[in-house]
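The values are calculated or read from the model by the stated rules, or taken from the named source; none is laboratory data. Quantities reported herein were computed from a predicted structural model and do not represent experimental measurements. Please note: Cβ atoms are built from the backbone with ideal geometry, for glycine as well, and neighbour counts cover all protein chains shown. Accessible surface areas use protein heavy atoms only, side chains included; no ligands, DNA or RNA. Shrake-Rupley method; radii C 1.70, N 1.55, O 1.52, S 1.80 Å.
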Amino acid sequence: MVLRSRSCEPFSSPVSAPPTRSPRSSTSRTAAARPGQAAVDFLAAPINPADLLNLRGQYGVVPTLPANAGFEGVGLVTAVGPGVDHIRVGDRVLLGGGTWRERHILSAAGLFALPPGLPSEQLAMLTVNPLTARALIHDAQLQPGQWVIKNAANSGVGRAFFTLAKKAGARGSRSCADLASRTH
């Protein structure tokens, strides 16, 4: 099996500039799925601001290089190793970490089959933005009847935020920039 991925590898700029990161494509051969593993072809992975910050080394913990980019995505199971019985070949699964690649063999332990009939592009966005919205609501200790105001409310985080806030019994007001009407 050939594996092509998008990873960040260190390189140094000329003239004693600080080291930076460079996205690059790589191709390598991988073995078949071993016991407890699944081979997955990646179908969809969004580009979040966190992904871009991570590529620049400006997001939380700087990953050890080389590292594959992409925090979330959806893949199609193409093979399972011995002992894997909770997912099957043909199942779509939710993936996290290193999702900007074409295929990968990984532990099957955290994988689960996604429901059919939903677009992979939508399912691929199930983790980063909804979990960020959940953290905002949790950190604010939102209570039923409280009011919340959220700017950038048309973003993935904003939409998830108001869905979860409403479920918590809160009321909200949102703001969205109308970039089309701005003059520079």
Legend entry - Residue-span extension gain [Arg134 to Leu65] - 0.36 nm each, minus C-alpha spacing: 21.8 nm
Inset, instruction - Please calculate how many Å² of accessible area segment 87-181 carries per residue, with a 1.4 Å probe and no DNA, RNA or ligand atoms counted. - result: 62 Å²
Legend entry - Chain lengthening between Ala79 and Ser120 when straightened (0.36 nm per residue, less Cα-Cα): 12.9 nm
Inset, instruction - Between Ile47 and Gln143, take the C-beta separation as r, use R0 = 41 Å, and let me know the FRET efficiency to the nearest 0.05. - result: 0.75
Inset, instruction - Report the label-to-label distance for Ala109 and Ala177 in nanometres (one decimal), using points 7 Å from each Cα along the Cα→Cβ vector. - result: 4.3 nm
Legend entry - Size of charge dipole - segment 38-162 - debye, nearest 20, with Cβ of Lys, Arg +1 and Asp, Glu -1, no other charges: 180 debye
Legend entry - Where labels lie 7 Å past Cα in the beta-carbon direction, separation of Asn151 and Glu102 in nm: 4.3 nm
